[in-house]
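I have placed the structure first, in the form of structure tokens, so that the comments after it can refer back to it.
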Amino acid sequence: MSARRSMLAPLALLAACAAERPAAAGPAPVSRDGLALTIRPDSSAPVVLVDDTTSEGFDYVRHEYAGRLAGTSFHVVALSHYEGSGWLLVHARTGRRVGVDARPVVSPDGARLATASMDLVAEFDPTRLAVLRLDGDSAVVEWSHEPGRWGPSDVRWVGADTLAFVAHHVGPGDPEPVRRSAGLVVRAGGRWRLALPADTGGVRRP
């Protein structure tokens, strides 16, 4: 074998190995550096959420990454305030942010989200049941209800047009729940309505 051929053989081997080696991975889609939580959408600038743990009141906030919302294109971020909490959806492609009351539950057909939030005692968080329609990189409130004498929890989809949940009822003059009952929200004729429990003092939107 000539000297030239002996020199080319290792170079060819290195080139073959390089071709088989996977390309270097880019930045992780979600990362944390100190107080900053960074989410990198597929086709837009990074979304940087910075904790503020020095303020009191509404400005105090901590961001905790809570994974992807299964069956959707959203990341989920849990927010902790000085008093109360919240949730944020970040679209994985555009980075658009949508605030919601609680971690959403996705409908069986993947077209809607449901949330149930309850804070009957301190009222730092809303006491509200909501249905949101997925619309591209956003989620639009299609229906919501703020009960008068009960709060919702454990919401789940029974079908694409039916929601079941647990209603926690309070007694007269007492914000602490005293009993529970089954709740039901149904969609018929293109409109959502509260089927159970009856609540004449609640606020419905729309």
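The values are calculated or read from the model by the stated rules, or taken from the named source; none is laboratory data. This one's a predicted model, so the numbers in the text were calculated from it and none came from an experiment. Every residue, glycine among them, receives a Cβ derived from its backbone with ideal geometry; neighbour counts consider all protein chains shown.
How many residues, within segment 63-103, are of a type outside the set (A, V, I, L, M), crowded, with 19+ Cβ neighbours inside 10 Å and over 21 Å from Phe124 (Cα atoms)?
Result for segment 63-103: 3.
Given the criteria touching an Asp or Glu at 6+ places or on another chain (Cβ under 7 Å), buried (at least 17 other Cβ atoms within 10 Å of the Cβ) and within 24 Å of Trp192 (Cα to Cα), does Pro126 qualify?
Yes.
Cβ contacts < 8 Å: first residue over 15 Å from Leu113 (Cβ atoms), restricted to segment 151-171; second residue modelled with pLDDT under 95 and aromatic (Phe, Trp, Tyr), any location; separation 6+ or different chain. Result?
Every condition considered, the pairs that remain are Ala167/Trp150; His168/Trp150; His169/Trp150; Val170/Trp150.
Could you please give the count of residues in segment 37-62 that are in a strand (DSSP E or B) and crowded, with 16+ Cβ neighbours inside 10 Å?
7
Does Leu163 qualify as being surrounded by 21 or more Cβ atoms within 10 Å (Cβ to Cβ), touching a strand residue (DSSP E or B) at 6+ places or on another chain (Cβ under 9 Å) and at pLDDT 95 or above?
Working: surrounded by 21 or more Cβ atoms within 10 Å (Cβ to Cβ): yes; touching a strand residue (DSSP E or B) at 6+ places or on another chain (Cβ under 9 Å): yes; at pLDDT 95 or above: yes.
Against the criterion (surrounded by 21 or more Cβ atoms within 10 Å (Cβ to Cβ), touching a strand residue (DSSP E or B) at 6+ places or on another chain (Cβ under 9 Å) and at pLDDT 95 or above), Leu163 qualifies.
When you look at Pro46, is it at pLDDT below 95 and farther than 20 Å from Thr115 by Cα, yes or no?
No.
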